[in-house]
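Below is one structure, written out as structure tokens, with a few remarks after it.
Values in this text are rule-based calculations from the coordinates and carry no lab data. What you see is a predicted model, and the numbers here were worked out from it, not measured in a lab. In this analysis, Cβ positions are derived from the backbone assuming ideal geometry, glycine residues included, and neighbour counts consider all displayed protein chains.
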Amino acid sequence: MKVNKIDHICIAVKDLEAARKVWEPILGKPQPDDPYVDESEKIRVARYWLGEVGFELMESTTPDGDVAKFIEKRGEGVMVVSLNVDNTEEAIKELKAKGYKFIGGPRSFRDCKFAFVHPKEANGVLLELIDYPWNEFKKK
């Protein structure tokens, strides 16, 4: 499996607006580059472009969402490290053949697919594989 780059890093937060006030001065950004809500994942996100890497602050939209559960168990902090790959489904097949376990299967986001390697397989890190095309930077 070829990893192209770190795609994004997600920070789980209880209060997105409060977290923005902490992080935006650090990042040198007055607002998110790509704010969005993903209803299926039950998250509200403030995404910032740092070079060609996404830095995301994620807040759960429901008390039973994965972000809320993560915060309840571990507190706020780094929740996901995401690696950009050419083809998520092919990467899943390759890693499964090597014995890696996944949480569910591939999921859709915009015009790509992503999947999560179980944290027990990656030193406690929730590792995401995503084939996000990064068209924002190809246009430049």
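Observations, loosely collected:
- Leading residue by the ranking (farthest from residue 132 (Cα to Cα)) among those in segment 73-82 that are surrounded by 12 or more Cβ atoms within 10 Å (Cβ to Cβ) and over 9 Å from the mean Cα position of the chain (by Cα): 74
- Sole exception among (1) touching a helix residue (DSSP H, G or I) at 6+ places or on another chain (Cβ under 8 Å); (2) over 17 Å from residue 11 (Cα atoms) for residue 110, by number: (1)
- Boolean, residue 1 is part of a strand (DSSP E or B) and either touching a Pro at 6+ places or on another chain (Cβ under 9 Å) or closer than 27 Å to residue 100 by Cα (or both): no
- All positions within segment 1-22 that are surrounded by fewer than 17 Cβ atoms within 10 Å (Cβ to Cβ) and either in contact with a Lys or Arg (Cβ under 6 Å, 6 or more places away or on another chain) or farther than 18 Å from residue 72 by Cβ (or both): 1, 2, 3, 4, 5, 6, 9, 17, 21, 22
- Scanning segment 26-78 for residues that are without any contact (Cβ under 8 Å) to a residue 12 or more places away in the chain and either touching a helix residue (DSSP H, G or I) at 6+ places or on another chain (Cβ under 6 Å) or assigned to a strand (DSSP E or B) (or both) returns a single hit, 36.
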